[in-house]
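First up is the structure itself, then whatever we jot down about it.
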Amino acid sequence: MFCHPTWQFECYPHPSLIECFGLPERLLYKKGDVVAKKSGQIQLANLLRQLEHSPRLPFVIGPEWAELLDAERIQGLRGKALKSNEDALDALVCLYIAALYALGSSGRLYGDTEQGYIWVPTGLCC
C-alpha cells in the first residue's frame with residue numbers, strides 16, 4: 001500500500017493571475033459594484049481562454065464549462081448566479097495553478113514549510 005504525507009494546497013488567484021499574465025494589478029472581479037464584477041469576470045474569462053495556447057501548459061476548457069467564460073451570459077448574471085460564476089472562475093484558476101505546481105513549474109514561495117506558504121508561478125503562462 002502506498003502511503004504519502006498529508007498536505008494541502010491553497011491557491012490565491014490574485015497574485016497568480018498577476019504573475020501569469022503580467023498584469024499591473026489584480027482584476028476586480030470579486031469587489032466593487034455589479035458592473036465592475038461583471039467586467040472583471042469577462043476580463044478573467046478572456047485570460048483563461050488565452051491559456052489554451054500556453055506554451056507552458058495548455059489549458060483547454062471543455063464545452064461543458066464554456067458557458068462560464070461567455071461574456072454575454074456573464075453580463076446577464078445577478079446576485080447568487082454572479083457569485084457562483086465568480087467561484088467557478090476561481091476554481092478554474094486554482095486548477096491551473098495547482099497543475100503548474102504539480103508539474104514542477106518555476107515559482108516563488110512566500111512563507112515557509114513550518115508555518116505554511118504560498119506558491120506563485122513565475123513567468124508568463126501564455
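What the table shows:
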| read-out | value |
| --- | --- |
| Per-pair calculated FRET efficiency, R0 = 22 Å: ASP87 and GLN50 via Cβ, rounded to 0.05 | 0.55 |
| 3J(HN,Hα) from dihedral phi, region 32-48, Karplus parametrisation 6.51/-1.76/1.60, rounded to Hz, x for glycine, proline | x, 7, 4, 4, 5, 5, 4, 4, x, 5, 5, 4, 5, 4, 5, 5, 4 |
| Chymotrypsin sites (Phe, Trp or Tyr not before Pro) restricted to region 27-92 and DSSP loop, no more than 14 other C-beta within 10 Å | TRP65 |
| D_trans [Stokes-Einstein, Kirkwood Rh over alpha-carbon pairs] for the chain, 20 °C, 1.002 mPa s, µm² s⁻¹ | 137 µm²/s |
| Most mobile of LEU69, LEU23, LEU109 in a GNM of the chain (Cα contacts under 10 Å) | LEU109 |
| Taking the chain and dividing mean pair separation by its residue count, relative contact order in percent (alpha carbons under 8 Å, at least six apart) | 32 percent |
| Zone residues, region 56-72, relative to ALA102, backbone N less than 18 Å from point 7 Å out along Cα-to-Cβ | 56-62 |
| Carbon and sulfur %, accessible surface of the chain computed with the full protein complex present, 1.4 Å | 57 percent |
| Linear extension gain, THR122 paired with LEU28, 0.36 nm per residue minus alpha-carbon span | 31.7 nm |
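The values are calculated or read from the model by the stated rules, or taken from the named source; none is laboratory data. Note that the structure is predicted; figures quoted are calculated from it, not measured. Heads up, the Cβs are rebuilt from the backbone with ideal geometry, glycines too, and the neighbour counts pull from every protein chain shown. Just so you know, the surface numbers come from the protein's heavy atoms only, side chains and all, with ligands and any DNA or RNA stripped out. Shrake-Rupley method; radii C 1.70, N 1.55, O 1.52, S 1.80 Å.
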